[in-house]
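Taking it in order: structure first as structure tokens, then the write-up.
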Amino acid sequence: MSPSLAWYRRLVLGVPSLIAGAGGGTLLFLWGHPVLAVAVIVAALAVAGGGGVLAGLFQRTWGYAEAPEELYLTYGVFVRQLVVVPYGRMQVVDVTADLLEQALGIATVRVRTAASNADTRVVGLGLTEAVELRDRLASRSESFSTGL
């Protein structure tokens, strides 16, 4: 996974928490509660800092492997998960990237299956790598019979 994934997570969590902390701290200070204002600002800094550390851990836990008959996906900081998606069960494979992901040069490959409501994602890939993975998964899903 791209190191930009960690920066994406840091920005998504850090910027709103810092804005909320600065805004809340300013309002509390103006309303005559300087101790609470400092507490809110310190809490916002703690959330942003802790989120920054967790973003790096989160980025390092994501991984995927393409086997002959299925896609393996592993992720999780506190609870590790292994997801196995048979190629024959794949219905939709697409690439998405919001504005921030586009600015950082990363994308997400989403895989939707016939039997699950779960949204399986391979996150933090470079755009060309994401498009190539989508094409490989789509062609493999077409070549496997689901028996339906």
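Within the chain, the whole DSSP H helices whose Cα atoms reach 18 Å or more along their own axis and whose mean Kyte-Doolittle score is at least -0.5 are 4-30, 34-61. When only alpha carbons are used to place a centre, region 1-27 and region 54-74 end up 24 Å from one another. Dipole magnitude for region 1-124: about 240 debye, using +1 per Lys or Arg Cβ and -1 per Asp or Glu Cβ, origin at the Cα centre. Pick out, in residue order, every one of the GluC sites (Glu not before Pro) in region 24-119 that is DSSP loop and has at most 15 other C-beta atoms within 10 Å; say none if there are none. Answer in residue order: 69.
The mean sequence distance of close C-alpha pairs (under 8 Å, at least 6 residues apart), as a share of the length of the chain, puts its relative contact order at 21 percent. Probing with 1.4 Å while keeping every protein chain in the model, the per residue accessible area of the chain equals 58 Å². For the chain, with all protein chains in place and a probe radius of 1.4 Å, 64% of the accessible heavy-atom surface sits on carbon or sulfur.
Taking 16 Å as the cut-off, the amide N atoms of region 125-145 that come nearer than this to a point 7 Å along the Cα-to-beta-carbon line of residue 102 belong to 127-128, 131.
Across all C-alpha atoms in region 68-118, the radius of gyration and Dmax reach 13.2, 34 Å. With semi-axes defined as the square roots of five times the eigenvalues of the C-alpha gyration tensor, the equivalent ellipsoid of the chain measures 40, 14, 13 Å, largest first. Put 1, 90 in order of accessible area, highest first, and with a 1.4 Å probe you get 1, 90.
The values are calculated or read from the model by the stated rules, or taken from the named source; none is laboratory data. All of these numbers come straight from a predicted model, not from anything done at the bench. As a convention, Cβ positions derive from the backbone with ideal geometry for all residues, glycine included, and neighbour counts pool all protein chains shown. Areas reflect the complete protein model, heavy atoms only, side chains present, ligands, DNA and RNA absent. Shrake-Rupley method; radii C 1.70, N 1.55, O 1.52, S 1.80 Å.
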